[in-house]
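To keep things clear, I will list the structure first and then write my remarks on it.
The values are calculated or read from the model by the stated rules, or taken from the named source; none is laboratory data. All figures in this text were calculated on a predicted structure; none of them were measured in a lab. We place every Cβ from the backbone using ideal geometry, glycine too, and count neighbours over all the protein chains shown.
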Amino acid sequence: MVDRQNEPLAEPVPDTVAATAKLTPYARSLGIKVGGMEGGLPLLTIEFSNIIEGRPGAFHGGATAGLLETAGYAALRTQLAADDREAILKPVNITVQYLAAGLPKPTYALGRITRLGRRSANVTVEAWQDDRERLIASAVMNIMIAEPE
Amino acid sequence: MTSKPVQFDPEAMCKMFSRGGHPGWLDLRYHDHGTNWVALELPWREDLLGEEDRLVLASGPIISLLDMASGMSIWTTAKAFEPVATLDLRVDYQRPAKEGSAVIGRAECYKVTRSAAFVRGIAHDGDPENPVATMAGVFMNIAKDPRKKQING
């Protein structure tokens, strides 16, 4: 595991390339990247491209859900690592609310840990484009946490 | 009304949708349909994995599969294409898909009102009695919104 003793107490400037490399193969091939940190949790970004397009000129609902879900797992993994917990995550469910069309613009997603217990976590995720206050979608995820054998 | 009603063909529409965009990237394929349901196939592919060390499809593409099957089940039920937007989509994961296995997404449109369509469905990897995931979704008909002029579908 990572030696955390020499880390500064302030929020470290993350190595976004290394953090992106830890995303799932699916997330990386869709073009999702870790762009930075906010409140200690990873802020994910994605550029609009043909492979995420549904209706012409708009995000496919499935691509939006994929971004939200990836941000939710990234937030939870980051929090578990910060707590020095090794864990295997098992998805239980995701509920996505579509609030506005995702337009061909850079898009951001950030997860927030609503509850983190020993065996389960509840994570809320928000996605937006140029206006942080105007969400294009949000999601709630339940995730089971198992300890490695 | 002198023109004959055009029969909505889910197989032809799936081929058209999967030529490009997100469904094309996922290579979503027509599998089967009935009067109010459509099943599509998401082929297994290495760059769609959910984990580095297990050959299991990620959940994101499974949501895309069910979202697309949902839209097609609405048009199949209505026997016409009308643009819809997903309002709310819930997916419950029962178990991981089998390693190296394609996933079938089957969505059924069980109720249509003037403004909304209600859909439920499952994702499975061979046996519909043993689903990988179940879903429920609500879609809004956006063609009927008088404030918006639809220029595309």
Exercise. Do any residues in the stretch A:39-54 that are at the interface with another protein chain (Cβ under 7 Å from one of its Cβ atoms) and surrounded by 20 or more Cβ atoms within 10 Å (Cβ to Cβ) have Cβ atoms under 9 Å from those of residues that are of a type outside the set (Gly, Ala, Ser) and in a strand (DSSP E or B), where the two are at least six apart or on different chains, and which pairs are they?
Worked result: A:Ile52/A:Ile46; A:Ile52/A:Phe59; A:Ile52/A:Thr107; A:Glu53/A:Phe59
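Quick check on my filter: what residues within the stretch B:71-87 are in contact (Cβ under 8 Å) with a residue 60 or more places away in the chain and at the interface with another protein chain (Cβ under 9 Å from one of its Cβ atoms)?
Within the stretch B:71-87, the subset in contact (Cβ under 8 Å) with a residue 60 or more places away in the chain is B:71-72, B:74-76, B:78-83.
B:Gly71, B:Pro83, listed by residue number.
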Exercise. Taking the stretch B:88-118 on its own, how many of its residues are under 19 Å from A:Tyr98 (Cα atoms) and within 12 Å of chain A (Cβ to nearest Cβ)?
Worked result: 5
Problem set entry | Residue pairs meeting the criteria (Cβ under 9 Å; at least 6 apart or on separate chains; first at the interface with chain A (Cβ under 7 Å from one of its Cβ atoms) and touching a residue at least 24 places away in the same chain (Cβ under 8 Å), in the stretch B:45-62; second acidic (Asp, Glu) and surrounded by 14 or more Cβ atoms within 10 Å (Cβ to Cβ)) | B:Ser59/A:Glu69
Exercise. Counting only residues that are surrounded by 17 or more Cβ atoms within 10 Å (Cβ to Cβ) and more than 10 Å from B:Ile104 (Cβ to Cβ), how many does the stretch B:122-134 have?
Worked result: 2
For this session: Scan the stretch A:82-108 and report the pairs whose first residue is facing another protein chain (nearest Cβ under 7 Å) and whose second residue is part of a helix (DSSP H, G or I), with Cβ atoms within less than 6 Å and a gap of 6+ or a chain change.
Result: A:Pro91/B:Ser59; A:Ile94/A:Glu69; A:Val96/A:Ala65
Problem set entry | B:Ser70 polar (S, T, N, Q), modelled with pLDDT of 95 or more and out of contact with any Asp or Glu (no Cβ under 7 Å at 6 or more places or on another chain) | yes
Exercise. Out of (1) surrounded by 14 or more Cβ atoms within 10 Å (Cβ to Cβ); (2) at pLDDT below 90; (3) within 30 Å of A:Thr24 (Cβ to Cβ), the odd one out for B:Phe8 is which?
Worked result: (3)
For this session: Could you figure out which of (1) under 19 Å from A:Thr124 (Cα atoms); (2) more than 10 Å from chain B (Cβ to nearest Cβ); (3) free of Cβ contacts under 8 Å to residues at least 60 places away in the same chain isn't true of A:Gly66?
Result: (2)
